[in-house]
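The values are calculated or read from the model by the stated rules, or taken from the named source; none is laboratory data. None of the values given here were measured: they were computed from a predicted structure. Positions of Cβ are generated from backbone atoms using ideal geometry, with glycine treated the same way; all protein chains shown enter the neighbour counts.
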């Protein structure tokens, strides 16, 4: 079982290849089923995440390469993924790659109010650590990131949106 878990934990995210699925927090479970198959559970970072098929395929390929002939990957939606699940190692890898790591995920009780304005975020430049960042676009290189520009060093950078 340790070998299966190690193989699954080595798979990287197709959109953030500096992170493993384990460091991103989407790898939920790796278990050996009674029929001998390896069962893996993953959680999407958001509904409709286009990377889920690639994650599944990469997990199957890695586990089969590690000698596990039968692999099943299922999607676990409950509880919903949160940026709080990104590990400290994952957050450091994001910053090292020039991507601003998310702050704490928002806490909500009850219905979520509709707000058409971008949320206010505490963002730091991953290059110079300045808090003087301005939102350039709510939509960055992927749907889960926003594009910012540092006013101190003038560099643009992605920020992983808090979910």
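Identify all residues within region 72-81 that are part of a strand (DSSP E or B) and closer than 19 Å to residue 12 by Cβ; write none if there are none. Lay out the reasoning, then the answer.
Within region 72-81, the subset part of a strand (DSSP E or B) is 72-75.
Hits for region 72-81 are 73, 75.
Would you tally the residues in region 147-161 being in contact with a strand residue (DSSP E or B) (Cβ under 8 Å, 6 or more places away or on another chain) and either surrounded by fewer than 19 Cβ atoms within 10 Å (Cβ to Cβ) or farther than 17 Å from residue 47 by Cα (or both)? Don't jump to the end; show me each part of the working.
Step one: filter region 147-161 for residues in contact with a strand residue (DSSP E or B) (Cβ under 8 Å, 6 or more places away or on another chain), giving 147-151, 155-161.
Checking which are either surrounded by fewer than 19 Cβ atoms within 10 Å (Cβ to Cβ) or farther than 17 Å from residue 47 by Cα (or both) leaves us with 147-151, 155-159.
Counting residues in region 147-161 that are in contact with a strand residue (DSSP E or B) (Cβ under 8 Å, 6 or more places away or on another chain) and either surrounded by fewer than 19 Cβ atoms within 10 Å (Cβ to Cβ) or farther than 17 Å from residue 47 by Cα (or both) gives 10.
Go through 105, 22, 66 for me and flag whichever is surrounded by 11 or more Cβ atoms within 10 Å (Cβ to Cβ), modelled with pLDDT under 95 and either touching a helix residue (DSSP H, G or I) at 6+ places or on another chain (Cβ under 7 Å) or over 18 Å from residue 160 (Cβ atoms) (or both).
Selected residue: 105, the only one of 105, 22, 66 that is surrounded by 11 or more Cβ atoms within 10 Å (Cβ to Cβ), modelled with pLDDT under 95 and either touching a helix residue (DSSP H, G or I) at 6+ places or on another chain (Cβ under 7 Å) or over 18 Å from residue 160 (Cβ atoms) (or both).
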**Item:** Residues of region 126-146 classified as within 19 Å of the chain's Cα centre (by Cα), surrounded by 14 or more Cβ atoms within 10 Å (Cβ to Cβ) and outside any strand (DSSP E or B), total
**Value:** 5
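Out of region 52-66, which residues are more than 16 Å from residue 8 (Cβ to Cβ) and assigned to a loop (DSSP other than H, G, I, E, B)?
First pass over region 52-66, keeping only residues more than 16 Å from residue 8 (Cβ to Cβ): 53.
If the condition is that a residue be more than 16 Å from residue 8 (Cβ to Cβ) and assigned to a loop (DSSP other than H, G, I, E, B), then no residue fits.
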**Message:** If residue 69 satisfies all but one of (1) under 20 Å from the mean Cα position of the chain (by Cα); (2) in a loop (DSSP other than H, G, I, E, B); (3) under 25 Å from residue 12 (Cα atoms), what's the number of the condition it fails?
**Reply:** (1)
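So, of the residues in region 34-48 that are part of a loop (DSSP other than H, G, I, E, B) and surrounded by 11 or more Cβ atoms within 10 Å (Cβ to Cβ), which turns out to be farthest from the chain's Cα centre (by Cα)? Even if it seems obvious, please write down each step before you answer.
So in region 34-48, the residues part of a loop (DSSP other than H, G, I, E, B) come out as 34-37, 43-48.
Checking the rest, the ones that are also surrounded by 11 or more Cβ atoms within 10 Å (Cβ to Cβ) come to 37, 43-46.
Numbers: 37: 26, 43: 10, 44: 8, 45: 6, 46: 9 Å.
Checked region 34-48; the qualifying residue farthest from the chain's Cα centre (by Cα) is 37.
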**Prompt:** Conditions: (1) in a loop (DSSP other than H, G, I, E, B); (2) modelled with pLDDT of 95 or more. Residue 89 meets all but one. Number of the miss?
**Reply:** (1)
